[in-house]
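Everything on this sheet refers to the single structure shown next.
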Amino acid sequence: MLKVRDLVVTYGDFTAVKGISFEVSGGEIFGLLGPNGAGKSSTLKSIMGLVDYRGNIELMGKKIGVEERNLIGYVPEEFMLIDVLTPMEFFEFIASLRKIKNQDRLIRLIYAFGLEKYVNKPIASLSMGTKQKVAIVAALMHEPPLLILDEPLNGLDAKSSRILKELMKRHVEKGGAVVFSTHIMEIAEKLCDRIAVINKGEVVAEGSMEELRRKVKTEGTLEDIFLKLTGEDEYIRGVIDAISR
């Protein structure tokens with residue numbers, strides 16, 4: 001469904017993404033993991049056309065452009081909401097852009113995420129968690145084949161977090177795809193079919209949990225694998241030893 005080839009993202013003299021490539025198929029949740037500043041968000045922003053990049057990005061066999069991006073539901077790490085609007089006004093604005101006439105799915109999503117009490121209040125007055133729910137509903141309301149979710153669980157309560165995870169699973173069961181970035185290793189390990197670990201702008205490993213375990217020669221958790229691949233396990237041991245003296 002999604003193909004990224006030789007992607008490079010630069011900000012001035014700094015290269016945030018250094019020629020990475022990966023593919024995401026329909027029917028899978030693809031995890032994009034990495035330390036802070038590794039290039040995850042820059043990669044996802046490139047797919048959405050929010051930053052300049054070099055390389056090739058295709059969605060469903062076509063070079064990605066405005067029309068193809070209409071087939072994506074995107075939840076960014078940083079809110080992209082219009083604070084002077086209410087959630088309902090924002091949803092109606094998104095619906096007009098997406099040419100959505102039937103609001104049945106929107107209403108179901110509003111109630112699923114407990115937003116019915118907030119739909120007529122200014123977005124600026126809402127808590128971070130409630131704003132996150134607004135962003136999620138806006139991304140899901142047009143039933144796009146591809147979901148790009150950058151730290152989507154930030155600020156969510158346990159109930160809403162579970163609902164989103166279940167919706168992600170249902171989405172791929174129907175043939176859709178999800179690109180999922182998170183710092184919560186336990187959730188990524190349970191949800192993702194395949195995972196790419198990015199470090200310093202490069203993909204250092206990609207595959208299923210079993211493939212990643214074979215690569216680093218461990219039977220450990222995704223957290224163990226991640227720390228080994230990014231070289232942070234040695235740093236942690238050193239810090240703990242120093243504190244424990």
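The values are calculated or read from the model by the stated rules, or taken from the named source; none is laboratory data. The model shown is predicted, which means the values in this text are computed figures rather than measured ones. For neighbour counting, all protein chains shown are included, and Cβ atoms are generated from backbone atoms with ideal geometry for every residue, glycine included.
Here is a list of conditions, (1) of a type outside the set (D, E, K, R); (2) modelled with pLDDT of 95 or more; (3) over 23 Å from ILE187 (Cβ atoms), and ILE72 meets all of them except one; can you say which number that is?
(3) is the only condition that ILE72 fails.
When the range 49-94 is examined, which residues are found to be free of Cβ contacts under 8 Å to residues at least 40 places away in the same chain and either of a type in the set (Phe, Trp, Tyr) or outside any loop (DSSP other than H, G, I, E, B) (or both)?
LYS62, LYS63, VAL66, GLU67, GLU68, ARG69, MET88, GLU89, GLU92, PHE93
Being surrounded by fewer than 23 Cβ atoms within 10 Å (Cβ to Cβ) and charged (D, E, K, R) is the filter; apply it to the range 1-42 and report the residue that is nearest to VAL178 (Cα to Cα).
The selected residue is GLU28.
Kindly indicate whether ILE110 is of a type in the set (Val, Ile, Thr), out of contact with any strand residue (DSSP E or B) (no Cβ under 7 Å at 6 or more places or on another chain), part of a helix (DSSP H, G or I) and modelled with pLDDT under 95.
no
Filter the range 10-36 for residues that are touching a residue at least 60 places away in the same chain (Cβ under 8 Å), farther than 15 Å from LEU149 by Cα and of a type outside the set (S, T, N, Q) and give the result.
Result: ALA16, VAL17, LYS18, GLY19, ILE20, PHE22, GLY26, GLY27, PRO35.
Under the condition of being closer than 20 Å to SER161 by Cβ and touching an Asp or Glu at 6+ places or on another chain (Cβ under 8 Å), which residue from the range 76-110 is surrounded by the fewest Cβ atoms within 10 Å (Cβ to Cβ)?
GLU77
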